[in-house]
Amino acid sequence: MIQFKNVTKRYNDGMTALKGIDLEIKEGELITLIGPSGCGKTTTMKMINRLVEPSSGQILIGGKDISLINPVELRRNIGYVIQHIGLFPHMTIKENVAIVPKLKGIAKDTYEKRIDELMEMVGLDPSEYRDRYPSELSGGQQQRIGVIRALAAEPSIILMDEPFSALDPISREQLQDDLIQLQEEVKKTIVFVSHDMDEALKIADRIVLMQGGEIVQADTPDRILRRPKNDFVRTFIGGNRLNESEQLTVEDVMVSNPVTVSLTRGLAHGAKLMKQYRVTSLLVTDKHRHLKGIVTKEMLEEQYRNEDLTLQDIMKSDVPTILVGTGVADAVELMREHGLYSLPVVHPSGLLAGLVTNSSLIDALLKQI
């Protein structure tokens, strides 16, 4: 999707910000560019929408050299979220989010419907918030609007420049969770600049760790934790994280109260629960809380018009599970093997104990520091 080919950036004062980097970012991937101050991570990100031009090398999007694309047109097709949000204070929330769709000539009824959908996705009731002004929202709510503004014109690429760093820790953690959930639904290509390794480990599909204008290691969070390339990487991530986490069992990292639903409930009830708890799947249990299956958002949407069906009729019953007392490393391996974002934890009797998720795994790792 995005390719950097031997890209260098030298400034007039002689400083070299990037030293011939090569990087490929896959479609639908959330990568985090991270490293110490001055490592080149922000420069790299800003080259994607030509806010910074390379001194040499080539950057391709979808196989096309971006130096041949008009910068204004390029930026209208790339979402951009910045640290200080940048909402226009004299415009309502709806007007702020509608700016790029208007510039692109998207029909009003189309983009207004999209705005409402996006606001619901991030937990802001459109009827309550769309006509408010930025000053009437909290910092966390404003940043949510900043994120959905970047999504409003349906760009395939989103650039995020330390978007949560100015927020308080609670708001920041909530927005990280929101981003993970949102990415599961919209599957955009997201390039996220951060200075916080904890944040990168939590949200990224792949972490690109930089130093002195070069890429030191580009890998999944799990592989970086397990196989840091050198002492710089080991020091930057905190070398004791994985060793200590390997002593944990799934009970230490699981969500103990995942969203569940009864076998006999209808599809409308399932849809309501998903919206209420902002999840994309439900664990289906019997009256004794034995796990019977799973229902995803896609399953519901496919069968929703059939009012005679219950969740038992459409659920997937062949669900990978893991037993209580199992080590975290085994859970990680099973999730990777099946491509899972979450893994139910059960007792030998089939009684549901909890749910291991990507977020709960990372949270547990961070608590070991």
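How high is the FRET efficiency from residue 88 to residue 55, r the C-beta distance, R0 35 Å, rounded to 0.05?
0.55
Calculate the FRET efficiency for residue 131 and residue 287 from the Cβ-Cβ distance with a Förster distance of 56 Å, rounded to the nearest 0.05.
After rounding to 0.05, the efficiency reads 0.80.
Once you place label points 7 Å from the Cα toward the Cβ at residue 6 and residue 272, how far apart are they in nm?
Between residue 6 and residue 272, the label points sit 6.3 nm apart.
Do you know the relative contact order of region 79-185, to the nearest whole percent, from alpha carbon pairs under 8 angstrom that are 6+ apart?
Numbers: 119 pairs, mean separation 46.9, N = 107.
Once divided by the residue count of region 79-185, the mean separation gives 44 percent.
Helix 108-121 versus the longest principal axis of the chain: what angle, 0 to 90°, nearest 10, using Cα atoms?
60
Could you list, in their original order, any pairs among 113/188; 104/187; 46/187; 187/229; 19/64; 202/229 whose Cα atoms are separated by more than 27 Å?
On the way: 113/188 19 Å; 104/187 22 Å; 46/187 21 Å; 187/229 29 Å; 19/64 22 Å; 202/229 20 Å.
Checking Cα-Cα distances, 187/229 exceed 27 Å.
Starting from the 7 Å offset along Cα-to-Cβ, what nm value, one decimal, do you get for the label separation of residue 337 and residue 37?
My value for the distance between the label points is 4.7 nm.
Place a label point 7 angstrom from the Cα of residue 310 along the Cα-to-Cβ direction, then list the residues of region 252-274 whose backbone nitrogen is under 17 Å away.
Flagged as within label range: 260-271.
Name the shape class, rounded, prolate or oblate, that the alpha-carbon gyration tensor gives for region 127-180, where a ≥ b ≥ c are the square roots of its eigenvalues, rounded holds for a/c under 1.5, and otherwise prolate holds if a/b is larger than b/c and oblate otherwise.
Because a/c hits 1.5 or more and a/b fails to exceed b/c, region 127-180 counts as oblate.
Quick check: residue separation of residue 256 and residue 13 times 0.36 nm, minus the Cα distance between them. What number comes out in nm?
Difference between extended and current length: 81.9 nm.
Under a straight-distance cross-link criterion of Cα-Cα below 16 Å, which aspartates and glutamates are reachable from residue 5, leaving out those fewer than 8 residues away in the same chain?
Candidates past the 8-residue exclusion: 22, 24, 53, 65, 214.
Would the chain count as rounded, prolate or oblate if I go by the C-alpha gyration tensor, calling it rounded below 1.5 in a/c and otherwise prolate when a/b exceeds b/c, oblate otherwise?
Verdict is oblate for the chain.
Where both partners of a DSSP beta bridge lie in the chain, what percent of those bridges are antiparallel, to the nearest 5?
Beta bridges within the chain, antiparallel portion: roughly 60 percent.
Where does the chain land at 222 nm, in deg cm²/dmol rounded to the nearest 500, when only DSSP H runs of n ≥ 4 count, each adding -39500 (n - 2.57), divided by all residues?
-10500 deg cm²/dmol
Residue by residue, what Karplus-based ³J(HN,Hα) values in Hz, rounded to whole numbers, does region 27-40 have, using 6.51, -1.76 and 1.60 with θ = phi - 60° and x for Gly and Pro?
After applying 6.51 cos²θ - 1.76 cosθ + 1.60, I find 5, x, 8, 9, 10, 10, 8, 9, x, x, 3, x, 7, x Hz.
Read-outs throughout are calculated quantities, based only on the coordinates presented, and are distinct from any laboratory measurement. Just so it is clear, the model here is predicted, and its values are computed rather than measured. Every residue, glycine among them, receives a Cβ derived from its backbone with ideal geometry; neighbour counts consider all protein chains shown.
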